Amino acid sequence: MIEFILNDKIIRTNANKSMTLVDFIRENRNLKGTKIVCREGDCGACTVMVGELSQDLQSVKYYTITSCISPLANAQGKHVVTVEGLNIANKLNQVQQSLKDNYASQCGFCTPGFVVAMANYCLNNNAETEQQMLDAISGNICRCTGYVAIINAAKELVESCKEQGKKYTLDQLIKHNFIPQYFASISGNLKKIQSTHQVSGEKIIAGGTDLYVQQANTLLQTPNLRYITLEQGQPVIIEDENCSISGLATVTDLFENQELQNRIPHLQDFLRLLSSEAIRNMATVAGNFVNASPIGDMSAIFLALDATLLIAHKEESREVKLKDFFLDYKKIDLKEGESIAKLWFKLPTKNSHFNFEKVSKRKHLDIATANTAMHIEVKDNRVVSCDLSVGGVAAIPKYLNKTTDFLIGKKVNNETLKQAIEVMNTEITPISDVRGTADYKRLLANQLVKAHFIKLFPELVQFGEV
């Protein structure tokens, strides 16, 4: 049985744990405000809020997910809020009113998702800026308004949910009609619900952000699945120059970790290129590795950080370098029943630099055509160490062994970069597909590697001369 709170009601159900949350909401509970459009987590029409008890059990932290690619099982012990759960008797809530006042809805199909995402911003005490509001709605697509009216409403809300520059408390949000009264009792009700359930299957489901795009119907027929996001673990641990990341960590866990941001400058900018906030809230780092896409963004990033994986099965474990984990197209060094328990790597130092580059058909919320990451240390204009990865130009996310070996000891200048690119071109084997021709992808790889050096060492490498 799955037990959770849906809006203001406690739900206990024996429905198939593997059905999507949106199907349960719409078909089992007849709440039709949550829309189904893409079933790929791409449009945000199915956005719902999910609330979890804080560690001190005194408050609830809310975040958004796309319910079309989330299994019902992952709602266990949580508070799920649909657009109906934000209704206030006989009036619009403040988010709805702001959208109305700014003429920010036309056909209305996307509007529920925007309402939920904006309300979630208002509930998040750590979100105070316009950029954070834009992050909040980054996964919501509208084909009618051109977004200007929606952004105007969003900016209006950034200011209207504050008092003297400080975000409204939960009680104030209720008082000023941002959310309904029942939110005040949710933390107490969540304490009565178990936060986990035990399923001992060998097939593992984490965030489901790829599996539920490709295999939603198959998973409905698969018994005894193990939903690992319901298990516990500290997502990020930093000790001196070392960082350890749990196999359960989501991309948001990295995005919100202030110390990790300090150690890897521009990390949030890099992670914004990966996906929308709602997907980052669901997608696990380890799941991106196991997906084994040749253009996996997290794979490219952690290859360049020379990460090591701890792979576990029951009481046994083994270590594998991430660059040895990918064997062939969609083939990985992971046996039946094994999972990635954690990964670790050396953090960039004050003497080293990290950069990530990505090209896709649209800047945000899209699959890469090509991507690349580099971690490099330079002393006296010479390369001391280097790790370089590139995606989209081979059957696997590619760690460039020959290119990095070539760069060690070389001076950073235009000639070295030209030679390094020549070496790289002997390592990559792009193919033509729907994202571009082989020649185009090779050109992208060349240009993106140049971009690393031009961005990190503008005084040593001149644009237009490479």
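The values are calculated or read from the model by the stated rules, or taken from the named source; none is laboratory data. Predicted, not measured: the structure shown is a model, and the values here were computed from it. All Cβ positions, glycine included, derive from the backbone under ideal geometry; neighbour counts span all protein chains shown.
Note on the range 50-104: residues that are without any contact (Cβ under 8 Å) to a residue 24 or more places away in the chain and surrounded by 20 or more Cβ atoms within 10 Å (Cβ to Cβ) amount to 1.
Of the set (1) modelled with pLDDT of 95 or more; (2) assigned to a loop (DSSP other than H, G, I, E, B); (3) in contact with a helix residue (DSSP H, G or I) (Cβ under 9 Å, 6 or more places away or on another chain), all apply to N30 but (3).
Okay, residues lined up against (1) more than 24 Å from K192 (Cβ to Cβ); (2) modelled with pLDDT of 95 or more; (3) assigned to a strand (DSSP E or B); (4) over 24 Å from the mean Cα position of the chain (by Cα):
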position	(1), (2), (3), (4)
K17	no, no, no, no
T34	yes, yes, no, no
G41	yes, no, no, no
M49	no, yes, yes, no
Q58	no, no, no, yes
Y63	no, yes, yes, no
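Restricting attention to the range 442-453, the residues that are out of contact with any helix residue (DSSP H, G or I) (no Cβ under 9 Å at 6 or more places or on another chain) and either outside the structural domain of V393 (by TED's automatic domain parsing) or more than 15 Å from S389 (Cβ to Cβ) (or both) total 2.
In the range 135-151, what residues are surrounded by fewer than 17 Cβ atoms within 10 Å (Cβ to Cβ) and part of a helix (DSSP H, G or I)?
V148
Of the residues screened, I10 is not one that is crowded, with 17+ Cβ neighbours inside 10 Å, of a type in the set (A, V, I, L, M) and over 19 Å from G208 (Cβ atoms).
When the range 317-352 is filtered for residues that are surrounded by 19 or more Cβ atoms within 10 Å (Cβ to Cβ), part of a strand (DSSP E or B) and aromatic (F, W, Y), the ones remaining, listed by number, are F326, F345. Only one entry of K402, K346 meets the criterion of being touching an Asp or Glu at 6+ places or on another chain (Cβ under 7 Å), closer than 23 Å to C243 by Cβ and modelled with pLDDT of 95 or more, and that entry is K346.
Residues are listed down the side, and each one gets a yes or a no for (1) in a helix (DSSP H, G or I); (2) at pLDDT below 95:
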| residue | (1), (2) |
| --- | --- |
| I174 | yes, no |
| Y182 | yes, no |
| G188 | yes, yes |
| V213 | yes, yes |
| T218 | yes, yes |
| L248 | no, yes |
| M282 | no, yes |
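When E319 is tested against (1) over 29 Å from D269 (Cβ atoms); (2) modelled with pLDDT under 95; (3) not small (G, A, S), only condition (2) is not met. Of all the listed residues (I295, I237), the sole one being outside any helix (DSSP H, G or I) and within 20 Å of K361 (Cβ to Cβ) is I295. Looking for something over 27 Å from L211 (Cα atoms), out of contact with any Gly (no Cβ under 7 Å at 6 or more places or on another chain) and either part of a loop (DSSP other than H, G, I, E, B) or not hydrophobic (A, V, I, L, M, F, W, C) (or both) - is there at least one such residue anywhere in the range 66-88? Yes - at least one qualifying residue is present in the range 66-88. Considering Y103, Y62, the condition of being among the aromatic types (F, W, Y) and touching a Ser or Thr at 6+ places or on another chain (Cβ under 9 Å) is satisfied by Y103 alone.
Is it true that I396 is closer than 30 Å to I205 by Cβ and either over 21 Å from the mean Cα position of the chain (by Cα) or surrounded by fewer than 20 Cβ atoms within 10 Å (Cβ to Cβ) (or both)? Spell out how you get there, then give the answer.
On the way: closer than 30 Å to I205 by Cβ: yes; either over 21 Å from the mean Cα position of the chain (by Cα) or surrounded by fewer than 20 Cβ atoms within 10 Å (Cβ to Cβ) (or both): no.
Here the answer is no, as I396 does not meet what is asked.
Tallying residues that are closer than 28 Å to H353 by Cα and without any contact (Cβ under 8 Å) to a residue 24 or more places away in the chain within the range 296-327 yields 4. If you check H364 against the conditions, is it touching a residue at least 40 places away in the same chain (Cβ under 8 Å) and within 30 Å of N140 (Cα to Cα)? Yes, satisfied. Scanning the range 250-271 for residues that are in a helix (DSSP H, G or I) and charged (D, E, K, R) yields D253, E259, R263, D269.
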